[in-house]
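Enquirer: A single structure is presented below for examination.
The values are calculated or read from the model by the stated rules, or taken from the named source; none is laboratory data. Nothing here was measured: the structure is a model prediction, and the numbers come from that model. In this analysis, Cβ positions are derived from the backbone assuming ideal geometry, glycine residues included, and neighbour counts consider all displayed protein chains. Protein only, heavy atoms only, side chains kept; ligands, DNA and RNA dropped before computing areas. Shrake-Rupley method; radii C 1.70, N 1.55, O 1.52, S 1.80 Å.
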Amino acid sequence: MRRTTLNTRAALTPGLIIIVGFLTVCPVIMLIVGSFSEGLGDFGSFTLRKYAEAYTDPTFAGIIFNTIIFTIGSALVATSLALFLAYLNTRTNIPFKFLFRIISIIPMMIPHILFSVSWVLLLNPSNGLINLFLREIFSLQNSPFNIYTLHGMIMVEGLLDLPIAYLILSPAMAAFDVSFEESSKVCGASNLRTLIRVTLPILRPAILASFILVIVRSLASFAVPSVIGMPGRIYVLATHIYRIIATGFAADYGMAAAVGMSALVASITLIYLYRYLTSESEKYVTISSRGYKPSVVDLKKAKYPLFVIVGILSFVLIVLPVLVLFYTSLVPYSMVPSAKAFSMMSWKHWIEVLRDPISLLSLRNSAFLGIVGASLGVTLSVFVAYVIVKIRTRASGVLESLSFLSFSFPGIVVGVGFMWFFVKTPLYATIWALLIGYIATYLPYGIRPLTSAFVQIHSHLEESSRVCGGGTFYTLRRIVLPLLIPGVVSGWILMATMFVRELTLSVVLSRPGTEVLAVQIFRFSEDGLWGQLSALGIMMIFISTTLVVIASLIGIRLTKVETVSQ
Amino acid sequence: MGISIKGLNKAYFSEGNKIRALADVDLTIPANQIFTLLGPSGCGKTTLLRCIVGLETPDSGEIAIGGETVWSSERGIFVPPEKRGLNMVFQTYAIWPHMNVFDNVAYPLQARKEPKKDIIQKVKKTLQFVQLEGFENRPATKLSGGQQQRVALARALVAEPKVILFDEPLSNLDAKLREETRKELRDFLTTLKITAVYVTHDRVEALALSDLIAVMKDGRIIEIGVPKKIYFDSDHRFVADFIGRANLIDGTVRAVDDSYAIIDSSIGAIACPESPDTSPGNKVSLCIRPEFIRVMADDTPQKRNIFRGKVESLVFVGEAYEGEILIEDTRLFTKIEPTARVEAGDEITLFFDPDHCFVLSK
């Protein structure tokens with residue numbers, strides 16, 4: 001009995017290293033091989049031709065320039081907004097603090113492509129709702145706003161990455177040792193001076209970490225550059241790669257791989273910087289265990305004006321996108337809400353979508369990928385997290401680094417790498433190719449909540465069950481599983497919602513027959529079919545929400561079993 | 001129920017070094033007593049406890065609980081912890097966070113599949129015993145440190161185990177609560193007439209709680225005795241030093257006279273009770289506790305062990321002064337009553353009763 005458990009345990013770590021290693025390293029190796037090859041399918045002899053072609057392209061310098069402005073701009077927008085919100089929430093007496101929690105979580109539920117589309121619907125120069133509205137009121141000749149610019153891209157991407165920045169900054173702000181500030185005030189400094197001279201400098205590692213993470217995310221972003229950038233002929237690395245493989249006469253996967261290499265290298269470098277900074281910031285920010293109660297700054301007269309700003313932000317982030325999509329799905333063409341518009345509303349677009357075989361197929365495929373993919377992904381995550389937390393050997397350290405590697409890979413680059421791999425296998429153009437790609441890219445999302453669940457299960461909790469007379473399986477059933485379920489549920493929810501909305505990887509790997517929701521929505525946007533797009537988009541939100549609700553209910557059910565025993 | 005341990009060995013590897021956590025441990029723990037394993041961290045006391053309970057497997061040796069062998073490397077016996085019929089209170093308490101107080105305490109009975117009615121009754125009785133009645137539905141996460149400690153104790157007691165083991169159960173409480181709980185625990189355990197094995201590195205805890213103390217060092221048990229013997233008359237230099245403040249003085253036996261030995265040392269001649277180690281010419285170590293060293297008043301009728309020294313430092317700690325007195329080049333720690341008129345720099349005369357000075361044999 002003991003010997004067999006030892007053996008399975010011993011085999012677990014290398015087995016997982018092989019699986020996770022395949023998932024994360026394989027696309028990278030194939031990308032490198034591909035970038036030095038003649039063509040997809042038949043590698044041909046070693047060549048540097050693709051690199052030469054890719055990097056001597058006269059438009060390439062402009063693309064790099066756009067990418068830098070786009071990523072840094074988005075990071076600035078997201079980090080400064082997040083800093084503002086985190087400060088207000090943790091350190092001031094602003095009313096309705098629950099709004100901040102909503103702001104930090106809900107936008108993750110709205111798929112990036114739909115968020116981008118809703119801003120196109122509001123601010124595009126020809127018939128954006130806000131533009132139409134302002135033109136009507138002030139009888140203007142031209143639209144005052146044009147979303148199809150670098151500024152527009154930066155604004156939307158910045159808003160999209162706000163939650164990530166907030167999730168990094170808010171705990172750092174809350175864990176901040178107030179005595180630093182108090183001593184500054186004792187020295188006679190004002191609130192503002194304390195903020196600028198003490199609070200912000202001490203938070204600098206966290207601020208930099210958030211800044212870098214947003215740069216990585218916007219470098220990998222495809223929704224905003226494709227929906228907003230491409231119509232305005234503003235290309236960044238991600239859309240440039242997409243252009244190489246998806247438009248023109250012949251898709252050139254070798255050149256895509258060569259371009260992808262620079263995105264990959266940049267991304268990995270930034271993530272290493274990020275990890276370095278977060279370990280630095282742990283040193284920096286002192287969390288004292290003596291029940292710290294941050295002293296609250298009284299906003300006085302600024303309280304309500306500041307709250308209005310927060311209110312507007314949450315409206316813009318959460319309510320507006322859904323509202324715009326729903327409205328657009330019901331009206332026959334873009335028009336400002338009016339009595340006439342309401343009289344012309346119909347379910348026409350919805351019916352069209354439900355009769356469109358490709359849309360139906362994409363609904364089915366995405367639901368399948370969400371449910372099956374998340375279940376498989378979470379199963380793998382359970383084992384990986386177990387090895388990382390409970391079997392602390394050098395090999396499990398390798399596994400840990402491997403499993404978080406994919407966090408730094410831009411989706412479209414991973415997609416190109418997987419393309420080079422799948423084309424050689426029978427998996428090519430099947431739904432399983434997408435499934436493997438999804439799990440590989442989003443594995444960290446499953447592992448994170450499960451490692452924290454395992455960390456929570458202190459070995460004493462299992463041991464005391466054994467001492468109390470519970471055998472191995474009894475302990476597993478009554479102690480380990482119930483404590484693990486919250487982690488499993490949140491891992492599953494994260495993965496399922498990511499999979500249902502997945503665009504970046506799918507745009508490369510999806511073939512006729514394996515269309516998924518986000519890709520179909522992207523096609524609708526390319527064709528300007530905003531009505532159908534909105535209808536399908538609302539269905540997409542509905543599917544993710546349903547999955548979230550079902551998973552949460554199952555989670556509550558499973559944990560309840562424990563407490564009814566009395 | 002007693003525990004007998006024979007030739008227990010356990011080694012593990014840490015960064016390429018072999019560390020012997022247990023080295024040929026032979027030990028008999030008598031039934032219905034509070035038995036304490038005391039030692040500095042890393043001495044192997046927790047490993048020994050975990051081997052008794054079955055959470056760790058020794059490399060070789062034999063463990064029997066109440067006559068039943070639960071581990072034997074030679075005969076290939078390993079009884080898993082859940083079948084050893086004992087229970088344990090962990091250092092972290094290990095209260096399951098997803099259950100309420102009732103389910104935490106009822107767990108050992110539920111694992112044995114006892115009828116629900118009995119379970120409810122027994123849990124109620126046990127919670128009453130640890131003074132937590134009415135806490136049944138409190139979630140485990142809503143308990144204070146002291147309450148968690150009681151829940152852990154209740155859970156350990158509820159199934160009436162033969163032996164109960166404690167792994168530094170008071171080390172997570174703050175000083176005041178620790179003192180109160182120590183007293184309570186002593187009361188609980190003496191009322192119950194149960195065999196308790198208690199692991200701690202806190203000497204005061206060991207002295208206050210135990211019937212018997214075993215002092216461990218480097219994986220070995222070096223001395224076993226009742227608290228007073230360990231404190232006043234330990235055999236080992238290490239034990240004498242570990243259990244309390246001690247003045248350890250080396251010297252040579254000059255003569256034995258009238259059941260007292262006279263020892264030449266760096267502070268002069270010291271008289272101490274005669275013992276097998278005090279044949280003239282022997283080199284010995286003496287131990288004198290600071291609280292027995294007194295400042296000499298004029299009318300004290302004392303002939304032996306009188307020394308003159310200079311007060312080097314004097315710290316007021318409330319119930320006494322802690323002083324360091326320099327005699328020749330030897331420093332003696334003393335406790336001086338707070339009313340004494342002594343100041344740093346003074347020349348004073350000290351004495352101590354020869355009966356309070358003991359020879360360390362090892």
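Enquirer: Which angle from 0 to 90°, rounded to the nearest 10, does the C-alpha axis of helix B:101-111 make with the longest principal axis of chain B?
Expert: Between helix and principal axis, roughly 70 degrees.
Enquirer: Another question, if that's okay. Obtain the nm distance between the two label points defined at residue A:335 and residue A:175 by a simple spin-label model: each point lies 7 Å from its Cα along the Cα-to-C-beta direction.
Expert: 5.5
Enquirer: Exactly which trypsin sites (Lys or Arg not before Pro) in the range B:17-116 are in a DSSP loop and have at most 15 other Cβ atoms within 10 Å?
Expert: In loop regions of the range B:17-116 (DSSP not H, G, I, E or B), the sparsely surrounded trypsin sites (Lys or Arg not before Pro) are B:75, B:112, B:113.
Enquirer: Using r as the Cβ-Cβ distance of residue A:301 and residue B:192, and R0 as 60 Å, what FRET efficiency do you calculate, to the nearest 0.05? Walk me through the intermediate numbers first.
Expert: Working: r = 66 Å, r/R0 = 1.10.
Between residue A:301 and residue B:192 the formula returns 0.35.
Enquirer: Just to be sure I understand the model, the point goes 7 Å from the Cα along the line to the Cβ. What's the resulting residue B:330 to residue B:237 distance in nm?
Expert: 1.4
Enquirer: Per residue of B:197-204, count partner chain C-beta atoms within 10 Å of its C-beta, then hand back the mean as an integer.
Expert: Mean inter-chain Cβ contacts per residue within 10 Å come to 0.
Enquirer: Further question on the same structure: If packing is taken as the mean number of other Cβ atoms within 10 Å per residue, what is the order of A:62-72, A:223-233, highest first?
Expert: The most tightly packed comes first, giving A:223-233, A:62-72.
Enquirer: So what's the range B:140-182 giving for Rg/Rh, alpha carbon basis, Kirkwood Rh from the mean inverse pair distance? All intermediate terms of the calculation are to be shown ahead of the outcome.
Expert: Numbers: Rg = 11.1 Å, Rh = 11.3 Å.
With Rg and the Kirkwood Rh in hand, the quotient comes to 0.99.
Enquirer: Still on this structure, please answer the following. Can you list the aspartates and glutamates whose alpha carbon is less than 20 Å from that of residue B:116, not counting same-chain residues fewer than 8 positions off?
Expert: Partners found: A:562, B:103, B:133, B:136, B:160.
Enquirer: Taking residue B:113 as the anchor, which lysines have their alpha carbon closer than 22 Å to its alpha carbon, excluding any fewer than eight residues away along the same chain?
Expert: Result set, ordered by chain and number: A:560, B:83, B:122, B:124, B:125, B:162.
Enquirer: Give, to the nearest whole percent, the P(r) tail of chain B beyond 38 angstrom, counting all Cα pairs.
Expert: Tail of P(r) above 38 Å: 33 percent of Cα pairs.
Enquirer: Over the range B:230-362, give the accessible area per residue in Å² for a 1.4 Å probe, as an integer.
Expert: 52
Enquirer: To continue, here is another question. Suppose accessible area is computed on protein heavy atoms with a 1.4 Å probe; arrange A:342, A:407 from highest to lowest.
Expert: Order by accessible area, largest first: A:342, A:407.
Enquirer: Which three semi-axes in whole Å describe the equivalent ellipsoid of the range B:28-144, each the square root of 5 times a Cα gyration tensor eigenvalue, listed largest first?
Expert: Three semi-axes, in Å: 31, 18, 14.
Enquirer: Where does the charge balance sit around residue A:211 when Lys and Arg score +1, Asp and Glu -1, over other residues with C-beta under 12 Å from its C-beta?
Expert: Values: positive: A:204, A:217; negative: A:161.
Net charge around residue A:211: +1.
Enquirer: Next up: Any chance you could give the angle, 0 to 90 degrees and rounded to 10, that helix B:116-129 forms with the longest Cα principal axis of chain B?
Expert: The angle comes out near 20 degrees.
Enquirer: Just list whichever of B:117/B:176; B:303/B:335; B:6/B:283 have alpha carbons separated by over 30 Å in the model shown.
Expert: Flagged as over cut-off: B:117/B:176; B:6/B:283.
Enquirer: Efficiency by 1/(1 + (r/R0)^6): what FRET value for residue A:246 and residue A:391, r their Cβ-Cβ distance, R0 = 30 Å, to the nearest 0.05?
Expert: So, using R0 = 30 Å, E works out to roughly 0.10.
Enquirer: Here is a follow-up. Rounded to two decimals, what ratio of Rg to Rh does the range B:204-353 give with C-alpha atoms and a Kirkwood Rh?
Expert: Numbers: Rg = 16.6 Å, Rh = 16.8 Å.
Here Rg/Rh amounts to 0.99.
Enquirer: Lys and Arg at +1, Asp and Glu at -1: add these up for the other residues within a Cβ distance under 13 Å of residue A:257 and post the number.
Expert: That works out to -1.
Enquirer: What order do A:474, A:166 take when sorted by accessible area (1.4 Å probe), most exposed first?
Expert: Largest accessible area first, the residues go A:474, A:166.
Enquirer: Moving on to the next point. Report D for the range A:364-456 in µm² per second (integer): Stokes-Einstein, Kirkwood Rh on Cα pairs, 10 °C, 1.306 mPa s.
Expert: 112
Enquirer: Would you list A:33, B:215, A:389 from the most to the least accessible area, probe 1.4 Å?
Expert: A:33, A:389, B:215
Enquirer: Continuing with this model, one more query. For the protein assembly as shown, what is the mean residue ellipticity at 222 nm derived from helices alone (per DSSP H run of n ≥ 4: -39500 (n - 2.57); sum divided by total residues; nearest 500 deg cm²/dmol)?
Expert: Taken over the protein assembly as shown, the calculation gives -17000 deg cm²/dmol.
Enquirer: With an 8 Å Cα cut-off and a minimum separation of 6 or more residues, compute the relative contact order for chain A in percent.
Expert: 22
Enquirer: Among the helices of chain A (complete DSSP H runs), which have Cα atoms covering no less than 27 Å along the helix axis and a Kyte-Doolittle mean of at least 0.0?
Expert: Working: long enough: A:2-35 (49 Å, 1.28); A:60-91 (45 Å, 1.50); A:150-174 (34 Å, 1.41); A:253-284 (45 Å, 0.57); A:431-456 (36 Å, 1.02); A:481-501 (30 Å, 1.63); A:530-563 (50 Å, 1.36).
Those that clear 27 Å and a mean of 0.0 are A:2-35, A:60-91, A:150-174, A:253-284, A:431-456, A:481-501, A:530-563.
Enquirer: If you don't mind, there's one more thing I want to ask. Apply 1/(1 + (r/R0)^6) to the Cβ-Cβ distance of residue B:133 and residue A:456, taking R0 = 35 Å, and write down the FRET efficiency to the nearest 0.05.
Expert: Calculated value: 0.75.
Enquirer: Given N residues in the protein assembly as shown, what is Rg(Cα) / (2.2 N^0.38 Å)?
Expert: Working: Rg = 36.9 Å, N = 928, 2.2 N^0.38 = 29.5 Å.
Relative to the rule-of-thumb radius for its length, the protein assembly as shown sits at 1.25.
Enquirer: I'd like the residues of the range B:101-134 whose 1.4 Å-probe accessible area shrinks by no less than 40 Å² going from the isolated chain to the full set of protein chains.
Expert: So the qualifying set is B:103, B:107, B:110, B:111.
Enquirer: Mind giving me the nanometre distance, one decimal, between the label points for residue B:339 and residue B:202, set 7 Å out from Cα along Cα→Cβ?
Expert: Taking the two extended label points, one gets 3.2 nm.
Enquirer: Right, here's the next one. Can you check how the C-alpha radius of gyration of the range A:111-198 compares to 2.2 N^0.38 Å, as a plain ratio?
Expert: 1.75
Enquirer: How big is the gap, in Å, between the Cα center of the range A:451-479 and the Cα center of the range B:1-60?
Expert: 23
Enquirer: Could you pull the accessible area for residue B:28 with a 1.4 Å probe, rounded to 10 Å²?
Expert: Solvent-accessible area, nearest 10 Å²: 100 Å².
Enquirer: Additional query: Where a Cα-Cα gap under 19 Å defines reach, which lysines qualify for residue B:10, not counting those fewer than 8 residues away within the same chain?
Expert: Here the lysines satisfying the reach criterion relative to residue B:10 are B:18, B:45, B:217.
Enquirer: Can you list the cysteines of the protein assembly as shown that have no other Cys Cβ under 4.7 Å away?
Expert: Isolated Cys, the protein assembly as shown: A:26, A:187, A:468, B:43, B:51, B:287.
Enquirer: I'd like the interface area for chains B and A: accessible area of each alone minus the complex, both sides summed, 1.4 Å probe, protein heavy atoms only. What is it in Å² to the nearest 100?
Expert: Accessible area lost upon association: around 2400 Å².
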